[in-house]
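These notes are about the structure you will find just below.
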Amino acid sequence: MTDDTKEKYINPYTDFGFKKLFGTEMNKDLLISFLNALFNGSEREIEDIQYLNGENLGDGYSDRRSVFDVYCITKDGSRFIVEMQKAEQAYFKDRSVYYATTPIRQQAPKGEWDYHLDDVYTVGILNFEFPHGEYPADSYRHEIKLKDVEDNHVFYDKLTFIYLEMPKFTKTEDELETMFDKWMFVLHNLYRLLERPKALQDRVFQKLFEQAEIARYSETERRQYEESKKVFWDNFSVMKTARDKGLAEGLAEGLAEGMSKGILKAQTETVRRMQAKGFSLDDISEMVGLPVDSIKELLQ
């Protein structure tokens, strides 16, 4: 599908689409349903959330700024970072861990403290697969905690990373069984659909399709979505070209090195293209998912 194809529903992989569906107070029930589906009937159930400021400045002038797609806290104090990761990045895992430090440090009060921390979750919805076949082809949900390497028991259960490799989800409408299946399906296929599937008749999906219908948007919202969609498809096209080139170069100089060069070149081309279109450094940082300092280095 290209950005010229007529759509009925927005693409949740775009910055506008994701925040429209999950980043507003009006639609927080959609986010709550999705997060509860992630735990698939476990003992955790989220009843309500409060959105927190997604932009967090560091302690000093030289500190990098962290920008989260959605940042919220539950009634029991658990904090969730939820991101739609559009394309593979160098040091993606490092970035994910770095972002998780903000909700940890924010819990430290002034004065005396016993170091008690509430849970912190990072949820990454990935529009790519982890490189080098890190996980099996049929494994797309990954929950990571700090574990003891000898007996594999969970050493610390208050820091959790959940990653969803969306390209690996291939279930059809007839194969959807759990609420998690339904959310994976709708996130992966929403912008391709022309009507709400019969398997998605739950009330929460009725609201999601209403909020995702482009025809309901104002002229300003449609324009904002079109701009966000252009950025997404430009980035997708450049990353695909770079990945293909990196794979070809890898035959001669090693796959890992070739991929690394291809990704770096793709990031540079994307950043320069966005700057040429008039995007600010902060906007580029948010959409590409790199710190402003890194953006400046790519533009040099």
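Laboratory data are not the source of any read-out in this text; all were calculated from the coordinates shown. Since the model is a prediction, treat every value here as computed from it, not as a measurement. Cβ sites come from the backbone with ideal geometry, for glycine too, and all protein chains shown count toward neighbours.
The table that follows gives values for the structure above.
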quantity	calculated
Listed peptides 86-96, 108-118, 214-224 by packing density, highest first (mean Cβ within 10 Å)	86-96, 214-224, 108-118
Amide H within-cut-off set for residue 70, under 5 Å, with H built and near neighbours excluded	82
C-alpha center-to-center spacing [region 150-194, region 80-143] in angstrom	15 Å
Amide H contacts under 5 Å for residue 147, placed H, 5+ residues apart	155
For residue 122, residues with placed amide H under 5 Å, excluding near neighbours	81, 160, 161, 162
Region 148-153 - phi-based ³J(HN,Hα) in whole Hz, Karplus 6.51/-1.76/1.60, Gly and Pro as x	6, 6, 7, 10, 6, 7
Greater than 19 Å apart at Cα, pairs in 86/145; 265/296; 93/277; 28/207; 158/182	86/145; 93/277; 158/182
From phi via Karplus (6.51, -1.76, 1.60), per-residue ³J(HN,Hα) for region 216-229 in Hz, x at Gly/Pro	7, 7, 6, 4, 5, 5, 5, 5, 5, 5, 4, 5, 5, 5
Mean Cβ neighbour count within 10 Å, used as a protection proxy, ranking 98-104, 126-132, 175-181 highest first	98-104, 126-132, 175-181
Rounded to 5, the percent of DSSP beta bridges in region 7-216 classed as antiparallel	55 percent
Residue-wise HN-Hα coupling along region 69-79, computed from phi with Karplus coefficients 6.51, -1.76, 1.60 (Hz; x: Gly, Pro)	4, 9, 9, 8, 10, 8, 4, 8, x, 5, 10
